[in-house]
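Visitor: So that we are looking at the same thing, I have put the structure below in structure tokens.
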Amino acid sequence: MFKKLLSVSGFTLLSRITGFARDALLAWTLGAGLLSDAFFVAFLFPNYFRAIFGEGTINPAFLPRYAALQARGDKAAAAKFADAVFAWQLAAQVVLLVLATLFMPVIIRLLAPGWTGEQFALTVILARITFPYLIMTLVAVQLSAMLNAVDRFWAGAFWSNLQNLAMIATLVAWHWFPNAAYAAAWGVFAGGVAQLVFIIWAGAREGLWLRITWPRWTPQIREFFIAFGAVTFGAASVVISPFIDTVLASWLATGSRTTLYYADRINQLPLGVLGIALGTVLLPQMSSLLAKGDTAGSHAAQNRSAAMVLLLTLPFMGAFLLIPGTIIRAVFLHGAFNAGAAQLAALALAAYGAGLPAMALIRIVASTFYARHDTITPARATVTALVSNIALKVLFVWGLHWGVAGIALGTALGAWVNVGMLTWFGRSRDLLAIERQFVRALPPALLAALACGAGAWLGARVGETLAHGRHADIAALVCAVALGGLGYAATVLLLRNRLPLGRFAK
């Protein structure tokens, strides 16, 4: 598992690095105003519809079935099943693209009711440019799932870099476009083309192809669509949350949606590199083990992954709660991104950080059900969490007037509700086992997080005294990373025998 995790997390880390370069360039060129708000709402469509029709449904509904066929050695049946699923996915995406293009003004009016005039018109145009990215990533998403099922994780983790690089290229050349928002939108489109070409090449190297066929209804496809429907319902519920964020932010000060985006991008770094990477490796592993009847091995893999998630995400939670301002200012306070926007983004980052471990654990705990082809239970948990999420956001924003921090805090608390529901369902059905290795690892993980947070806070103070002016925040972040990392590493080294580190514990 460690070798696979290093492959996924390494390329995902590279994706986050190129993503940070892209976001820093976006902050520099767009700032936090009309152009940035319009682009980030348009950018919601390829990102969150992909969550509904891409990884959010392909991985839970398709991957366990495909992986089980591969584990049994029936490659011909696995290929036939993949082609059949692709045929239906492609047909649905074509219809969705046509409808979205025609009715985009209505969609934007519903999504951002507080916007009028130039801001509204620009958002419609940008959304029409970015939306085709979704259909181009359809092949990439399914081929990535197929590669993961045969233990080839690197390509699925790498291809997100290509969108970041394409956007960086168009943003550098933004003077050739009507404005920087247009440049960013066309970068999204170009990135989709690059990702499509790359993943087809990566799949071909392993003998994996997706063939275009006429959609046909079979018992296997019927079973897939039952699972797909439940997962889509659950994924759609997750996607509703950021749409609610956009609606609430449209009534706040201009630039509020932008500050939420940048705070979430920082939060997504450990979530994508560590939490989602572990979930990506765990699901096909559990699916294969259960297909072979190895329930004990499945439980052991899940407990090891859950312990690793907490060990790797709790330190970031501490840093986001203690030095959010230092992080945001050092990374984004440049060019058109001003101090006021940085302060709002820092408040949102601290709120997001409170839910970071839960956001990572969701995929680990949900694998209990997805690996057994149960997609209904995670959907039930997601809907319950969504209702809590929305209610809390309305209370925090309109009741307590906490602004963007209230929106982010509602998301964080909703994630904890989701994890709690999944754990309760799993334990009540004797499907989820909390084993000794997880319990032993919990105290060291908490101590490592405390050491990291304390070191980061102290390092930030040291950095601020060593440098002044525009370089003070960068120096503070460098010192925070150094001392926080030192405290974390020392604690892990001291308590390594209680942690699920395999041969690294020696």
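Visitor: For residues in segment 387-436 being in a loop (DSSP other than H, G, I, E, B) and not charged (D, E, K, R), which is surrounded by the most Cβ atoms within 10 Å (Cβ to Cβ)?
Guide: Taking segment 387-436 as the starting set, the residues that turn out to be in a loop (DSSP other than H, G, I, E, B) are 400-402, 429-435.
Still in the list and also not charged (D, E, K, R): 400-402, 431-434.
On the way: L400: 11, H401: 8, W402: 18, L431: 17, L432: 20, A433: 16, I434: 14.
In this case the residue turns out to be L432.
Visitor: State yes or no: is W209 assigned to a loop (DSSP other than H, G, I, E, B) and not β-branched (V, I, T)? Steps first, answer last, please.
Guide: Values: assigned to a loop (DSSP other than H, G, I, E, B): yes; not β-branched (V, I, T): yes.
The answer is yes for W209.
Visitor: Do any residues in segment 360-379 that are more than 15 Å from L431 (Cα to Cα) have Cβ atoms under 8 Å from those of residues that are among the basic types (K, R), where the two are at least six apart or on different chains, and which pairs are they?
Guide: Partner pairs satisfying both residue conditions: none exist.
Visitor: Being small (G, A, S), in the same structural domain as G255 (by TED's automatic domain parsing) and modelled with pLDDT of 75 or more narrows it down to one residue among A61, A78, A51, A68; which is it?
Guide: Numbers: A61 fails: modelled with pLDDT of 75 or more; A51 fails: modelled with pLDDT of 75 or more; A68 fails: modelled with pLDDT of 75 or more.
Of A61, A78, A51, A68, the one residue that is small (G, A, S), in the same structural domain as G255 (by TED's automatic domain parsing) and modelled with pLDDT of 75 or more is A78.
The rows are residues; the columns are (1) more than 25 Å from K75 (Cα to Cα); (2) buried (at least 17 other Cβ atoms within 10 Å of the Cβ).
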position	(1), (2)
P113	yes, no
E118	yes, no
N164	yes, yes
L171	yes, yes
H175	yes, no
L196	no, yes
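The values are calculated or read from the model by the stated rules, or taken from the named source; none is laboratory data. None of these values were measured; they are calculated from a predicted model. Every residue, glycine among them, receives a Cβ derived from its backbone with ideal geometry; neighbour counts consider all protein chains shown.
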